[in-house]
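Peer 1: The structure's right below; bear with me while I get my questions together.
Each reported figure results from applying straightforward, stated rules to the coordinates on display, with no laboratory input. What you see is a predicted model, and the numbers here were worked out from it, not measured in a lab. Neighbour counts run over all protein chains shown; Cβ positions are idealised from the backbone, glycine included.
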Amino acid sequence: MKNSNLKSWGNLYAEIHNEYNSSSNSSFLDIGNLNSYGDSCIPLNSISNVPKNSVVNDTVYNYQIKHGYYLFGTPGKSDVTIAGAIASDTHGKDNNWGGSFYKNVKKIYLSIYGEEIETSREKDVELFNATIGGYGLTGTIKNVELFDSNVKISENYETFIETGFGIDNLLNSFSALEKEYWIGWINLQNKNFPWVTNKSISSNKPIENHNQKKDFELPTSFPFIGRNKFKALNLINFFYFQTNKFLKTGEKSFYKTFFPLSFISDTRNISKSRKIVQVQFSIPSSKSYLLEPLLKMLINKQIPLLCSIKKLSNQDCLNNLSFYQEGWTIAVDFSFHQFNSQEIEKFYKELSKLGGKVYLAKDSTLDKKNFRSMYPESFEWEKIVKSIDPKNLYQSKLSNRLGLKGW
C-alpha cells in the first residue's frame, strides 16, 4: 500500500495517508493538487486514485491553453485541477458577468461505490448540483464535459488602474462590464483604507505562448515582514499604492492577469513557518454598506497581511455548499502564528446575521454552529448525499470538523 504525504497550501495540515483499499471500510477522499488553504482537501482517512490522464486532473490553466477559450470562475492559482474547481465551485475576476465555475459544467461522470453515474442539468439534477461545490463528498469525479464559453483568451490584457480611499468609495467605483476582469486590493492596516483596483480587457491577440508556467515558491519565509517589524508591511503597502497611483494603465500577459501570484501576494513568504490562515467570505449586495464595520471587526487585534475583493453575480443553484451569492467576496490573509482565534468568533456571528458565508475551500477556523447558521441549505444537501453515500465513505477533515455527513 502506498503512502502519501499530504500538505494543504496554507501549510496548516501535513499528514501521511494511505491509498484507499476497496476491501477496507475506512473513509476516503479524492485529491487534486492540494490548493486549499485549509482542510477541505485533506482526507479523513485515506486517499483514492483517479487516473492521471483524465481531464479532471488537467489544470484550469492547461485546459484553457489547449482549447483557447476562457473558463468562467477561473481561480487565481494556475495548477487548480478541473475536478478541484468543480468541487470548490471556484470564482474569478469575471464574477459580475461570468459566474462561478458551475457555469462551465455540462455533465459530470461520478463513481460512487464503484457504480458509474452520469449527472447533468437534465439528468440526476440534484446530485449534479450537490457535486458542484460539494468538496468531493458526493463521490469520485471520473470525467466531465464542459461548455465552450465562446470567450477567447488572449496573449495580453490591457489593465486599467484606479486608486482611492474608503470601502464605500471602492464599491461605488466598480464599473466592469461583460468580458472585463476586475479585482481590488485594500490596505486594511491603514484606517483610511487605501485601495487599488485592476480592470483587465482582452487585446484580442491570439495566445501564442503555450509553455506551462509554474509559480515560484521560496524555500523559506521572512516573518518579520508579516509581524510588521520596523513597519515593513506598512512600507510595502504604501509603495504599492503610490506606484499604482501613477501607473493608471499597463499590459499583462494572460498568465499574469489571471494567476498573479508574487512574492507578497503569496503571503506564506512573510509568515512564520510559511503557515497562513485565510478568511474569505461573501456578503450580499443588500448588506454591502456594512462591509467596512464588518472588516474592522475581522481585523480587530489582528495583523492582516493581504486583502483582495471581487464582485459576485447571482448563484446558479442553491443546494450545494458554494459560498457564491450576488454581492461581494473579500479574502484576508493572516499569519497562523499571530492569528487571534477568539476574535474570529465575533466576526462569524455578525457575518451570519448579515447573510454572509465563509468560503470552505479556504477555511480552517469555522465551527459547526456558525457553519450551520451560514449554510442552512446544508441540511437539504445532506439529504441528497445520504441517499447516494449511506456508508459515509467520502469524508474530509473539513466535513468531519463541521459535522457534515454525521449519519
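Peer 1: In terms of Cα to Cα distance under 25 Å, which lysines are near enough to Lys272, apart from those fewer than 8 places away along the same chain?
Peer 2: List returned: Lys7, Lys77, Lys214, Lys229, Lys231, Lys296, Lys301, Lys362, Lys397.
Peer 1: Also: Fewest Cβ neighbours within 10 Å first, please rank Lys191, Lys93, Lys287 accordingly. Show your work: numbers first, answer last.
Peer 2: Values: Lys191 9, Lys93 23, Lys287 16.
Final ranking by Cβ density, sparse to dense: Lys191, Lys287, Lys93.
Peer 1: Picking from Ser78, Phe334, Trp407, whose Cα lies most toward the positive end of the charge dipole for the chain (charges on Cβ: Lys, Arg +1; Asp, Glu -1)?
Peer 2: Towards the positive end, the residue furthest out is Phe334.
Peer 1: Now for a separate question. How large is ³J(HN,Hα), in whole Hz, for each residue of segment 274-289 in order, when computed from phi with the Karplus curve 6.51 cos²θ - 1.76 cosθ + 1.60 and θ = phi - 60°, using x for Gly and Pro?
Peer 2: 6, 9, 10, 10, 10, 10, 10, 9, 10, 9, x, 4, 5, 10, 5, 5
Peer 1: Calculate the length of the line joining the C-alpha centroid of segment 184-209 to that of segment 313-343, in whole Å.
Peer 2: Using only Cα atoms to place each centre, the spacing works out to 20 Å.
Peer 1: How high is the relative contact order of segment 59-156? Use alpha-carbon pairs under 8 Å, at least six apart in sequence, and give a whole percent.
Peer 2: Details: 166 pairs, mean separation 29.8, N = 98.
About 30 percent, as a whole number.
Peer 1: OK, next. 5 Å is the cut-off here: which amide hydrogens, built 1.01 Å from N in the peptide plane, fall below it relative to Asp363, excluding neighbours closer than 5 in sequence?
Peer 2: Answer set, sorted by chain and number: Gly38.
Peer 1: For the chain, what does -39500 (n - 2.57) per DSSP helix run (n ≥ 4), summed and divided by total residues, give at 222 nm, in deg cm²/dmol to the nearest 500? All intermediate terms of the calculation are to be shown ahead of the outcome.
Peer 2: Details: 12 runs with 96 residues, N = 407.
About -6500 deg cm²/dmol.
Peer 1: Using a simple spin-label model with points 7 Å from Cα along the Cα→Cβ vector, what separation in nm is obtained for Ser203 and Gln242?
Peer 2: 3.0
Peer 1: Please list, ordered by chain and number, the residues whose modelled amide H lies under 5 Å from the amide H of Ile153; skip anything fewer than 5 residues away on the same chain.
Peer 2: Tyr69, Tyr70
Peer 1: Now for a different question. Could you tell me how far the Cα centroid of segment 106-172 sits from the Cα centroid of segment 388-403, in Å?
Peer 2: 22
Peer 1: For Lys349, give me every one of the aspartates and glutamates with a C-alpha distance below 12 angstrom, ignoring sequence neighbours fewer than eight places off in its own chain.
Peer 2: Asp367
Peer 1: Starting from one equal scatterer on each C-alpha and no solvent at all, send me the Debye-based log10 I(q)/I(0) for segment 156-364 at q = 0.07 Å⁻¹, two decimals.
Peer 2: -0.22
Peer 1: Right, another one. Taking amide H atoms as placed 1.01 Å from N in the peptide plane, list the residues 5 or more away in sequence, or in a different chain, whose amide H sits under 5 Å from that of Gly327.
Peer 2: Ser285, Leu312, Ser313
Peer 1: What ranking do Val277, Val55 get, fewest neighbouring Cβ atoms within 10 angstrom at the top?
Peer 2: On the way: Val277 26, Val55 16.
Arranged by neighbour count, lowest to highest, Val277, Val55 become Val55, Val277.
Peer 1: Return an integer: the convex hull volume of the alpha-carbon atoms of segment 90-187, in Å³ per residue. Could the numbers behind the result be given before it?
Peer 2: Details: hull volume 14.7 nm³, N = 98.
Enclosed volume per residue, from the Cα hull, is 151 Å³.
Peer 1: While we're looking at this one, here's another question. Here are a few candidate values for P(r) over Cα pairs in 10 Å bins from 0, in percent: [x] 5, 23, 34, 27, 10, 1, 0; [y] 5, 18, 20, 16, 13, 10, 10, 7, 2, 0; [z] 4, 17, 22, 18, 12, 7, 4, 3, 3, 3, 2, 2, 1, 1, 0, 0. Which one was actually calculated from the structure I just gave you?
Peer 2: Of the labelled values, this structure produces [x].
Peer 1: What number, in percent, do you get for the relative contact order of the chain if the mean sequence gap of Cα pairs under 8 Å and at least 6 apart is divided by its residue count? Mind dumping the intermediate values first?
Peer 2: Working: 890 pairs, mean separation 78.8, N = 407.
With pairs under 8 Å counted, the relative contact order is 19 percent.
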